[in-house]
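The next block holds one structure in the form of structure tokens; read it before the comments.
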Amino acid sequence: MALEDSGFDVIGEADDAQSLLVMSQCQKPSVVLIDFNMEQSDLIRLIEDILDIDPVIAIVVISDPINGVGETVLSAGARAFLQKPFSMYDMTDTVRKVKPIY
């Protein structure tokens, strides 16, 4: 995986929103990438739920080009938005930029 090749520790993948919430609570990731096909309202709720677990988690949303989704997820608390298609460099660079420094 490109993130692991760039030196990031990948702690897992979630198949759905509920699994992602459980992983976010148990594993305490510093960055969460969200690439689920879901309604914008459900995506906003997921972002809010993750930030309720830990407000320091940096959320990056990945999506097909949909009008206004970038602004919507950023206003909900996501730290970045990547529109498909993008390069692996774009993804690793984005994660590097949003990753909290402890």
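The values are calculated or read from the model by the stated rules, or taken from the named source; none is laboratory data. Fair warning: this is a prediction, and the values are worked out from it, not measured in the lab. Positions of Cβ are generated from backbone atoms using ideal geometry, with glycine treated the same way; all protein chains shown enter the neighbour counts.
Things worth noting here:
- Every condition in (1) within 14 Å of Met91 (Cβ to Cβ); (2) at pLDDT below 95; (3) among the small types (Gly, Ala, Ser) is met by Ser41 except one, and the failing one is (1).
- Candidate set from the range 77-102 (those that are charged (D, E, K, R) and within 22 Å of Ile66 (Cα to Cα)); member that is modelled with the lowest pLDDT: Lys84
- Selection from the range 51-98 of residues that are more than 11 Å from the chain's Cα centre (by Cα) and assigned to a loop (DSSP other than H, G, I, E, B): Asp54, Pro55, Val56, Asp64, Pro65, Ile66, Asn67, Gly68, Lys84, Pro85, Phe86, Ser87
- Among residues of the range 11-44, those that are in contact with a strand residue (DSSP E or B) (Cβ under 8 Å, 6 or more places away or on another chain), among the hydrophobic types (A, V, I, L, M, F, W, C) and either free of Cβ contacts under 8 Å to residues at least 12 places away in the same chain or assigned to a helix (DSSP H, G or I) (or both), counted: 2
- A single entry from Asp42, Asp93 fulfils the requirement of being farther than 24 Å from Val22 by Cβ and acidic (Asp, Glu): Asp93.
- Cβ-Cβ contacts under 7 Å between residues 6 or more apart (or on different chains), taken from a first residue in the range 69-90 that is without any contact (Cβ under 8 Å) to a residue 24 or more places away in the chain and surrounded by 12 or more Cβ atoms within 10 Å (Cβ to Cβ) to a second residue that is in a loop (DSSP other than H, G, I, E, B) and not hydroxyl-bearing (Ser, Thr, Tyr), are listed as Gln83/Pro65.
- Subset of the range 1-10 that is surrounded by 12 or more Cβ atoms within 10 Å (Cβ to Cβ) and part of a helix (DSSP H, G or I) - its residue that is modelled with the lowest pLDDT: Ala2
- Hits in the range 51-102 (condition: among the polar types (S, T, N, Q), in contact with a helix residue (DSSP H, G or I) (Cβ under 8 Å, 6 or more places away or on another chain) and farther than 17 Å from Asn37 by Cα): Thr92
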